[in-house]
Every structure is written in C-alpha cells, then in structure tokens.
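Colleague: Let me begin by handing over the structure; questions about it come next.
The values are calculated or read from the model by the stated rules, or taken from the named source; none is laboratory data. Computed from a predicted model, the values in this text were never measured in an experiment. Positions of Cβ are generated from backbone atoms using ideal geometry, with glycine treated the same way; all protein chains shown enter the neighbour counts.
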Amino acid sequence: MKLSPITYHDPCHLKKTLGVSSEPRALIQTNSQYCFKEMPGADACCGLGGSFNLQQYELSSDIGMRKRNNIKISGSSTAATGCPACMIQISDMLSRSGDRIAVKNPIEIYAEVINLPGSNIFIFIYLPDPPDSF
C-alpha cells in the first residue's frame, strides 16, 4: 500500500500563543494511511491573520503564496492545519494555483483511523463529577 504524503501548517495562535505544536502532528501520525512530511516554514504565518486579509489583501496573498510554495515543496497531497481560518487561506492559495492538494483538520485525519478496518481505537471521554454546590 502506498502511503499518502501529508504535511502540517502550525496556526500562529496555536504554536506561538498556546505552545501547541507536537500534538497535532501526533494525531496525524496515528493514521497509517499517511506518511508525514514536514514542510519548510511550517510555523510561518499563512497570511490570513483575521481582518489582516481584508485590510491588506495583496500582502496577505503574497504571504499565503509563500505557504503554498512550502506545501508544494513538501510533496504532500494533503495539508493539515488546526485553524479554520488557515484552512480557508491555504485552500484559496492552492486553488488559485491549480494545485490538487486537500486541506484537512488533524481531527479529520485522526477520525479516519477510527473507521479503518481492524482498528482498535477507542475514544474515552472523561466527564468530571459536578461540584457539590451549583
């Protein structure tokens, strides 16, 4: 079976503000259908930046194209990111360039694992007891 190459874009708020970087990669790597390829500049901004895209569209597009180029360099057929805004920007840049690269959330990649034949993945949800007083 040939593995599908996948890369990951670090959203600015997740990595730079919350320090979340290894966790999404770990989720992606649970799926044996993919071969993880780190792109250059994985933690560089994609250019959307909330309203920045609306106020500085040309600059936002230039930054987005740099991200697109890094995704292409990775040779991946799928780019994952944990931010819906980044997904929009990356999808737009790939689409404008005519690239046939899927953009997915790492949770989507992990969810595929649950549906794989022979998968023994179980999801446990911890719900703490409510406090005595409400």
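Colleague: Those residues that are in a helix (DSSP H, G or I) and either under 24 Å from ILE63 (Cβ atoms) or touching a residue at least 40 places away in the same chain (Cβ under 8 Å) (or both), I need them from the stretch 24-37; list them, please.
Modeller: Of everything in the stretch 24-37, those that are in a helix (DSSP H, G or I) and either under 24 Å from ILE63 (Cβ atoms) or touching a residue at least 40 places away in the same chain (Cβ under 8 Å) (or both) turn out to be PRO24, ARG25, LEU27, ILE28.
Colleague: Quick one: which residue in SER97, SER51, SER21, SER74 is farther than 13 Å from TYR8 by Cβ, small (Gly, Ala, Ser) and touching a residue at least 12 places away in the same chain (Cβ under 8 Å)? First the steps, then the outcome.
Modeller: On the way: SER51 fails: touching a residue at least 12 places away in the same chain (Cβ under 8 Å); SER21 fails: farther than 13 Å from TYR8 by Cβ; SER74 fails: farther than 13 Å from TYR8 by Cβ.
Every option except SER97 fails the conditions.
Colleague: I'd like the full set of residues that are under 23 Å from SER21 (Cβ atoms) and at pLDDT below 95, limited to the stretch 49-67.
Modeller: GLY49, GLY50, PHE52
Colleague: Scan the stretch 9-40 residue by residue and report those that are surrounded by fewer than 16 Cβ atoms within 10 Å (Cβ to Cβ), within 21 Å of ASP92 (Cβ to Cβ) and modelled with pLDDT of 95 or more.
Modeller: Passing the criteria: only PRO40.
Colleague: Is there a residue being in contact with an Asp or Glu (Cβ under 9 Å, 6 or more places away or on another chain), assigned to a helix (DSSP H, G or I) and within 20 Å of THR78 (Cα to Cα) anywhere in the stretch 38-56?
Modeller: No - not one qualifying residue is present in the stretch 38-56.
Colleague: Would you check which residues across the stretch 1-52 are closer than 20 Å to GLU108 by Cβ and among the β-branched types (Val, Ile, Thr) and list them?
Modeller: Matches in the stretch 1-52: ILE6, THR7, VAL20, ILE28, THR30.
Colleague: Restricting the first residue to the stretch 1-18 and requiring it to be under 17 Å from CYS46 (Cβ atoms), which pairs with a second residue that is among the aliphatic types (A, V, I, L, M) and in a loop (DSSP other than H, G, I, E, B) meet a Cβ separation below 6 Å and a spacing of at least six or different chains?
Modeller: Correct list of pairs: THR7/MET39; ASP10/ALA42; LEU14/VAL20.
Colleague: In the stretch 41-78, which residue that is surrounded by 15 or more Cβ atoms within 10 Å (Cβ to Cβ) and of a type in the set (Val, Ile, Thr) is nearest to ASN115 (Cα to Cα)?
Modeller: THR78
Colleague: Identify, please: which residue in the stretch 79-112 is outside any helix (DSSP H, G or I), of a type in the set (S, T, N, Q) and surrounded by fewer than 21 Cβ atoms within 10 Å (Cβ to Cβ) and is, among those, farthest from the chain's Cα centre (by Cα)?
Modeller: SER97
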